[in-house]
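Visitor: Got a structure for you, written out below as structure tokens; questions coming shortly.
The values are calculated or read from the model by the stated rules, or taken from the named source; none is laboratory data. This one's a predicted model, so the numbers in the text were calculated from it and none came from an experiment. FYI the Cβ positions are ideal-geometry reconstructions off the backbone, even for glycines, and counts take in every protein chain you see. Accessible surface is based on the protein model in full, side chains and every heavy atom, while ligands, DNA and RNA are left aside. Shrake-Rupley method; radii C 1.70, N 1.55, O 1.52, S 1.80 Å.
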Amino acid sequence: MGNRSEKVSKNLTIEKTLSSIFSTLGYPETILKFNTKLLISLSDISYELILPLIIQEKGQTYFWVDYKPQNFLSCFERGFISLARLVSNPLPFFGAITNLTEFILIDFYQVKTSKGNKEIIPPYGKIKTYTPGPPKPFNPEIETKILRLYLKGG
């Protein structure tokens, strides 16, 4: 039972921290959606993934945000890109992977990444006027293999 309360407390800390970061950047709280379940079905596996934060407004998804407690966040970039490519249509503009201190910002359309602290997150004013270019082409078979590894923790 102690594990459940620790997990709830940790989730609340993550939610409050992410809410504070994005609110400071001008994002209205009404477009912040916490702990969203994504149901993923591949030919041989089904998986449920919970994203700590999705930022969405009027049918447009601006951000998918994933939390990883590790210090080395780069190992999650490629799997997160595959997840977005295979599960969402249209793509979210950006993804962010964070341990709440460091951030990796991913442009899902151009598959470009930036690393830094919370200052790399574009403010809401820029996101509202952002127009992504066409998505970079990809091979669904390769993306599926990468996603399988990502979902299995590899």
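Visitor: Identify, please: which residue in the stretch 25-39 is farther than 22 Å from PRO69 by Cα and open to solvent by 70 Å² or more (accessible area, probe 1.4 Å) and is, among those, nearest to the chain's Cα centre (by Cα)?
Guide: Quick first cut of the stretch 25-39, residues farther than 22 Å from PRO69 by Cα only: 25-31, 39.
Pick out the ones that are also open to solvent by 70 Å² or more (accessible area, probe 1.4 Å) and you get 29-30, 39.
Numbers: GLU29: 17, THR30: 18, LEU39: 15 Å.
In this case the residue turns out to be LEU39.
Visitor: Can you find even one residue in the stretch 88-97 that is in contact with a Leu (Cβ under 6 Å, 6 or more places away or on another chain), β-branched (Val, Ile, Thr) and touching a residue at least 40 places away in the same chain (Cβ under 8 Å)?
Guide: No, the stretch 88-97 contains no residue that is in contact with a Leu (Cβ under 6 Å, 6 or more places away or on another chain), β-branched (Val, Ile, Thr) and touching a residue at least 40 places away in the same chain (Cβ under 8 Å).
Visitor: List every residue pair whose Cβ atoms sit under 7 Å apart, with the two residues 6 or more apart in sequence or on different chains, where the first one lies in the stretch 127-146 and is within 27 Å of ASP44 (Cα to Cα) and in contact (Cβ under 8 Å) with a residue 60 or more places away in the chain and the second, anywhere, is open to solvent by less than 70 Å² (accessible area, probe 1.4 Å) and not basic (Lys, Arg).
Guide: Close Cβ pairs satisfying both conditions: GLU143/SER82; GLU143/LEU86; THR144/LEU42; THR144/LEU86; ILE146/GLY79; ILE146/SER82.
Visitor: Right, next: Could you check the stretch 35-154 for strands (runs of 3 or more DSSP E) lying wholly inside it with 2 or more residues that are on the phi > 0 side of the Ramachandran plot and not charged (D, E, K, R)? Steps first, answer last, please.
Guide: Working: elements: 46-57, 60-67, 94-98, 103-107, 112-116.
Output list is empty.
Visitor: With LEU105, LEU73, LEU49 as the choices, which residue is under 13 Å from the mean Cα position of the chain (by Cα), modelled with pLDDT of 95 or more and either under 25 Å from GLU29 (Cβ atoms) or open to solvent by less than 40 Å² (accessible area, probe 1.4 Å) (or both)? Even if it seems obvious, please write down each step before you answer.
Guide: Working: LEU73 fails: modelled with pLDDT of 95 or more; LEU49 fails: modelled with pLDDT of 95 or more.
Answer to the check: LEU105.
Visitor: Might you check whether a residue that is assigned to a helix (DSSP H, G or I), exposed (fewer than 10 other Cβ atoms within 10 Å of the Cβ) and among the acidic types (Asp, Glu) occurs anywhere in the stretch 5-14?
Guide: Looking through the stretch 5-14, none of the residues is assigned to a helix (DSSP H, G or I), exposed (fewer than 10 other Cβ atoms within 10 Å of the Cβ) and among the acidic types (Asp, Glu).
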